[in-house]
Amino acid sequence: MVFDLIFGREREENEDKNAFVEIEKTGEEGKKVHIRVETLEEYADTDKVQKLLREGNILFLKIKPLRDKDLGELKRAIAKIKKTVTAMNGDIVGVDENYLIVTPEFARVYRGASATQV
């Protein structure tokens, strides 16, 4: 005992007992969020994108194929998707020139500290 007090073994054991604190898990059990990578090749693909978004998926959307094919059709497709996102209180953001990130209501895209909260 005296040997342990001198070298601190008992103190280390007490510190180890207090080092971990158990916390309870909050949130929905078993609920998973899916992040899907989809490609927007034509205007008709917007229906699939809207369906996936309504199901609660986060979408990483490749828009380059449609941008290369027809810029006017791309603008119409993005406007249609944006209208759905706004109605769902979701979020949409362009990444580079070739990708969009589209999220449902429960997710937001971080735009930096200087961006204002909506």
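The values are calculated or read from the model by the stated rules, or taken from the named source; none is laboratory data. From a predicted model like this one, the values you see are computed outputs, not experimental measurements. So basically every Cβ, Gly included, is an ideal-geometry build from the backbone, and we count neighbours across all protein chains shown.
Using the structure shown, decide if Thr39 is surrounded by 18 or more Cβ atoms within 10 Å (Cβ to Cβ) and without any contact (Cβ under 8 Å) to a residue 40 or more places away in the chain.
no
Looking at region 57-69, is at least one residue modelled with pLDDT of 90 or more, surrounded by 15 or more Cβ atoms within 10 Å (Cβ to Cβ), of a type in the set (A, V, I, L, M) and in a loop (DSSP other than H, G, I, E, B)?
Yes.
Condition first: touching a Lys or Arg at 6+ places or on another chain (Cβ under 6 Å) and among the hydrophobic types (A, V, I, L, M, F, W, C). Now tell me which residues in region 65-91 satisfy that.
The answer is Leu74, and nothing else.
Being among the charged types (D, E, K, R), assigned to a helix (DSSP H, G or I), without any contact (Cβ under 8 Å) to a residue 24 or more places away in the chain and surrounded by fewer than 14 Cβ atoms within 10 Å (Cβ to Cβ) narrows it down to one residue among Lys75, Lys31; which is it?
Of the residues listed, the single one that is among the charged types (D, E, K, R), assigned to a helix (DSSP H, G or I), without any contact (Cβ under 8 Å) to a residue 24 or more places away in the chain and surrounded by fewer than 14 Cβ atoms within 10 Å (Cβ to Cβ) is Lys75.
Do we find a residue being β-branched (Val, Ile, Thr) and either farther than 21 Å from His34 by Cβ or free of Cβ contacts under 8 Å to residues at least 24 places away in the same chain (or both) anywhere in region 101-111?
Yes, that holds for at least one residue.
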